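Reading through the structure tokens given below for one structure.
Throughout, read-outs are computed from the coordinates displayed, never taken from laboratory work. In this text the structure is predicted, and so the values were computed from the model without any measurement. With ideal geometry, Cβ positions are generated from the backbone for all residues, glycine too; neighbour counts draw on all protein chains shown.
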Amino acid sequence: MTTPAMMYVHDWRAWQPGRRDTSQPRLSVAEKPAGGHVPAMLRRRLTGIGRALCDMLAELDVDADCPLLYASRHGDGERTLEMLNALAEEAPLSPARFGLSVHNAIPGVYSIGRGNRRTQQAIAASGDEFAALLVEARGYLAQGEPAVIIAFAEQAIPARFTAHFTTPIETAAVALRVSLTPTQDAWALTPRPLTSDDTAESHPQPSDLIDWLCGTRDELHCHRPRQAWSLVRGE
Amino acid sequence: MTSELEHELKHLIIDTLELEDVTPEDIDPDEPLFVEGLGLDSIDALELGLALQKRYGIKLEADSDETRHYFRNLRTLAALVEERRTA
């Protein structure tokens, strides 16, 4: 018996500078994303990842009317570190940088720039970001939202912290439009119980999800303490 | 006509506030800097205040009528720097 799908992936966009799969039309590898849908006076405060997300969201949510669930484990590490260094030196903080140091800064700028006043959530989950996004999305869809955008973004860890990570974090961002409605082109997302083989920890980062979306990885495992999700691409 | 100080302030504004698409010629010395004209916002005002302090040693009250007067346009800003600079 097959488990019913938990939700369906209807469309996606991704950004990973320097990645090679340039033939994939949903993937941007631009070093400097345009951020063209956000007015210039707002855009100037966004880094590359923020501009990339604004570009993706404009295409996935054309009417700017979907709730947005955004997750990042580390946020903007370089800027945070810059501010901490300034504080350590008792130098004044840049008000603009400080204003954008909150975890929901990118969704906030997108919301102002595009006039999307729907629910937004910014999540950090110690490596379980993708699983947390699925859980949250499921909640909004169960409450009757016709579609939800989930966005997942990371930036490379600042050099002075890389020694603490066994797996390097790739700079990348990815966004999916999900719903409970199956269509011919949609991919089903199905939960399954853990098996005895599921012992390894699995913390997918945005670049892993992009690998799966681009077809360079067959399965994406996303283990939680008592649950595992498996994404199954449609035929 | 734009004075040398006004020219310097134009560059300070563009660099400090990361105005990507703005050139010094785009900033009219008599046009408002905030909301209308150049279209800067309240965070820019704080950022500019900090830059004036770093570059010229000028300290301003964030919410005084005097500050509002000096931040009106590039000419008033240049007058402030002429009057109060210590660096």
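Where in region A:15-126 are there helices (runs of 4 or more DSSP H), lying fully within it, with 2 or more residues that are within 18 Å of A:THR171 (Cα to Cα) and in contact (Cβ under 8 Å) with a residue 40 or more places away in the chain?
Values: elements: A:40-43, A:48-60, A:77-88, A:95-99, A:105-114.
Filter on region A:15-126 gives A:48-60, A:77-88, A:105-114.
Can you confirm whether B:LEU19 is over 11 Å from the mean Cα position of the chain (by Cα), surrounded by 12 or more Cβ atoms within 10 Å (Cβ to Cβ) and within 14 Å of chain A (Cβ to nearest Cβ)?
yes
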The lone condition A:MET41 fails out of (1) closer than 28 Å to A:LEU134 by Cβ; (2) crowded, with 18+ Cβ neighbours inside 10 Å is (1)
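Residue check: is B:LEU40 within 9 Å of another protein chain (Cβ to nearest Cβ), surrounded by 15 or more Cβ atoms within 10 Å (Cβ to Cβ), among the aliphatic types (A, V, I, L, M) and over 12 Å from B:ARG72 (Cβ atoms)?
Details: within 9 Å of another protein chain (Cβ to nearest Cβ): yes; surrounded by 15 or more Cβ atoms within 10 Å (Cβ to Cβ): yes; among the aliphatic types (A, V, I, L, M): yes; over 12 Å from B:ARG72 (Cβ atoms): no.
Against the criterion (within 9 Å of another protein chain (Cβ to nearest Cβ), surrounded by 15 or more Cβ atoms within 10 Å (Cβ to Cβ), among the aliphatic types (A, V, I, L, M) and over 12 Å from B:ARG72 (Cβ atoms)), B:LEU40 does not qualify.
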Is it the case that some residue within region B:68-83 is surrounded by 13 or more Cβ atoms within 10 Å (Cβ to Cβ) and either within 14 Å of chain A (Cβ to nearest Cβ) or of a type in the set (Phe, Trp, Tyr) (or both)? yes
Looking at A:ARG73, A:ARG51, which is the one that is away from chain B (no Cβ under 13 Å) and either touching a strand residue (DSSP E or B) at 6+ places or on another chain (Cβ under 7 Å) or crowded, with 20+ Cβ neighbours inside 10 Å (or both)? A:ARG73
Across region B:53-65, which residue is farthest from the other protein chains (Cβ to nearest Cβ) among those that are in contact with a helix residue (DSSP H, G or I) (Cβ under 7 Å, 6 or more places away or on another chain) and not in a loop (DSSP other than H, G, I, E, B)? B:TYR56
